[in-house]
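Colleague: Take a look at the following structure, please.
Rule-based calculations on the coordinates, nothing more; no lab input. Quantities reported herein were computed from a predicted structural model and do not represent experimental measurements. Heads up, the Cβs are rebuilt from the backbone with ideal geometry, glycines too, and the neighbour counts pull from every protein chain shown.
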Amino acid sequence: MSSIPGLRVLPVLSKIYSIIMRFDVIFIRMAEIIAQRLPMDIGELGPFRTVSSDFYTYAQANPGLIEFILRKIAHAMMFYFLTIAVFFVLNQYTKKSMTAACITFILVALFAALDEFRQSFVNGRVSSMIDVGIDLIGITLATLMIMFFISLLQKDRLKIKNQEGSAT
């Protein structure tokens, strides 16, 4: 998608919106159930209301802000999922999962930088180190999640190994 000049997020979201609307009733019901169970004094939300009101007013006057935010979220999410996918592939070819996670981080970060460099040659697109930084947020979150689950699995394997050793 980075080679498409003038790519806009909002038209794509409007197409996706019709699909998501099918699930809207379920989400609304889940939100109502959660909201009923939240013990909260509404008076505590005063500062948040002020900030959100200011943001909404500014966003209405500047719709490009919403587009900007959606683009940056898309950057982080795409690289988050790319990191997980690359890890699953590399993990098949390495003996240690932590090694695969570290190599994945480096490869996907390099890819993010090269993708932004490539965008500098596409008409209507701009290369930005800020986008690489946002990509790195997604990459880092995915890598941390992968490492967390690897450590959980290793602890479970040690428990099982200790239980088998004590049973014999």
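Colleague: Label-point separation (nm) for K155 and I84, each offset 7 Å from Cα along Cα-to-Cβ?
Modeller: So the two model labels end up 2.1 nm from each other.
Colleague: So which chymotrypsin sites (Phe, Trp or Tyr not before Pro) in region 47-148 are both in a DSSP loop and have at most 13 other Cβ atoms within 10 Å of their Cβ?
Modeller: Sites meeting the loop and neighbour criteria: Y93, F121.
Colleague: Further question: So between E164 and E67, what do we pick up on full extension, going 0.36 nm a residue minus the alpha carbon distance?
Modeller: Working: separation 97, 0.36 × 97 = 34.92 nm, distance 5.58 nm.
Once the chain is fully extended between E164 and E67, it gains 29.3 nm.
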